[in-house]
Amino acid sequence: MQFLKELGIQKNNFGSSTGLNWNKTKSEGILKIHSPVDGKLIASVYQASEKDYNKVIQTSEKAFKEWRMIPAPIRGEIVRQIGNRLREFKEPLGTLVSYEMGKSLQEGLGEVQEMIDICDFAVGQSRQLYGFTMQSERLMHRMYDQYHPLGIVCTISAFNFPVAVWSWNAMIAAACGDVNIWKPSSKVPLTAIATQKIISKVLKENKLPEGIFSLVIGKGSTVGERILKDKRVSLVSVTGSTRVGKHASEVVASRFGKTILELGGNNAIIMTPEADLKMAIPAIVFGAVGTAGQRCTTTRRLIIHESIYNRVKTSLLKAYKTIKIGDPLDEKNHMGPLIDTGAVDDFKNALKQVKKEGGKILTGGKVLSGKGYESGCYVTPAIVEAKNEFKIVQEETFAPILYLIKYKKDVDEAISIQNNVVQGLSSAIFTNSLREAERYLSCAGSDCGIANVNIGTSGAEIGGAFGGEKETGGGRESGSDAWKAYMRRQTNTINFGTELPLAQGIKFDI
């Protein structure tokens, strides 16, 4: 395939790089990467060894000492060049994202655009690493705080966004003066290898040291655990399941390291009687079936007032009939495959469970077979009538299942239903009532990290801080002041007088 050639993807690829050089280990097993689109073998990757990891971490330590001393705006200039390099490879990289992961080509290209956008954001951020000046209570004293580079940041990314989440972390961290080690999902390592090759030219052209952007593709039980336990890694950013995040948090906290956790979502949209259905239905459908329901911000619950319940249900069933499922590289299709047959099993099991608990499948829930569906990873998205208290509804199933839940009273009842899950990532309400909208956004409203009005739960812009509460982890990435997580804060007091007064008026004469 031409896009693989353009990206430098070989039949067999090495799985560890220090940014400029590739480690040549072949003894740790090989990952054979098959596309969920057609089931065909794309390429293979040799997994990294512990020796490779040690080389990467030592190189990163050395690079950090040099990188942190480069002025932040100059670091931003390197990030700007990386953004421009990504622009050159947007089409082939976006195509690989789509083919390796299974999301639509539009979403694959959009993910690379997200990388470009965060580069642009980080360039500006490199001139805005602000501290604050405070007023000292002591005569002739000046007090302020400032932010310093943190050290080695490790990004552990998930399969559903093979490259974008890495860029959120790596580009902001780079502007802040940190170096980054990337451990991508073993399900989608080729996009990481391609990205590493794209940015290596920028590093070479600027004569930068190896170790600023590194890559380690290896087993979670070996390389992954080494990262979590390694005191040399200052911050670990983990995107994944709540179970994985809880383990990572406990291990990293035991050595007093820092974490950013982007974990499960059980996202809901509230539909009040004041909702504009013409606007809401497309947002719901994209939120529920986009990326085949495999976004952490996927719409999983639709909480509808009983007075409009039947209208909403009828509109959704009509809309679902128009969804085209097939090869995601064909832009006529809305939905591609699930990542693998294991995800298909989870989809089927969730639907069995919801039926046992009393739910009713209104449409979808089938596994497609035949021409064009040879991989066994294509399903028809399901709409299910359910109750919020069902055990399966309380869980996050990473698949295109939308639960319809009815409420009777006011918006407070709907908010209570929405918040009555352990996850707290993204949420939305559709209403033309100012009072309902403001109630939803108040401290008595949505308890999620993201709360939207008259837009869906999915498709966040990079300018806002991204993350959630409760078992979603509480971390924040991307925009706003999320950069502070990648730096260490320091308070400074300067005495420019000739006396030594103590704070709080304490006297200590000697």
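The values are calculated or read from the model by the stated rules, or taken from the named source; none is laboratory data. Fair warning: this is a prediction, and the values are worked out from it, not measured in the lab. Note that we place each Cβ from the backbone using ideal geometry, even for glycine, and neighbour counts take in every protein chain shown. In case anyone asks, the SASA skips ligands and DNA or RNA and just uses the protein heavy atoms, side chains included. Shrake-Rupley method; radii C 1.70, N 1.55, O 1.52, S 1.80 Å.
Data table
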item	result
Ranked order, D52, D327 - accessible area, probe 1.4 Å, largest first	D327, D52
Net +/- balance of residues flanking A503 in space, Cβ distance below 9 Å, scoring K and R +1, D and E -1	0
At least 15 Å along the helix axis (C-alpha) and Kyte average at least 0.5, DSSP helices within the chain	164-176, 277-289
Equivalent ellipsoid dimensions for segment 57-170 as semi-axes, Å, which come from the Cα gyration tensor, largest first	36, 16, 14
Accessible area in the full protein assembly, largest first, 1.4 Å probe, for H334, H305	H334, H305
Longest DSSP-loop-exposure-free segment, chymotrypsin sites (Phe, Trp or Tyr not before Pro), the chain, at most 14 other Cβ within 10 Å	257-495
Heavy atoms of T195: accessible area, 1.4 Å probe, square angstrom to 10	0
Spread of Cα-to-Cα distances over 5 Å intervals beginning at zero, given as percent, for segment 96-236	2, 9, 16, 19, 18, 13, 9, 5, 3, 3, 2, 1, 0, 0
Inter-part distance where segment 321-336 and segment 51-95 are each reduced to a Cα centre, Å	35
Computed helical MRE - 222 nm, the chain, DSSP H runs ≥ 4 contributing -39500 (n - 2.57), nearest 500	-11000 deg cm²/dmol
Check: the chain dipole with +1 on Lys, Arg Cβ and -1 on Asp, Glu Cβ, in debye	980
E385, E205, E471, reordered so the largest accessible area comes first (probe 1.4 Å)	E205, E471, E385
C296 accessible area, 1.4 Å probe, all protein chains in place, Å² to nearest 10	30
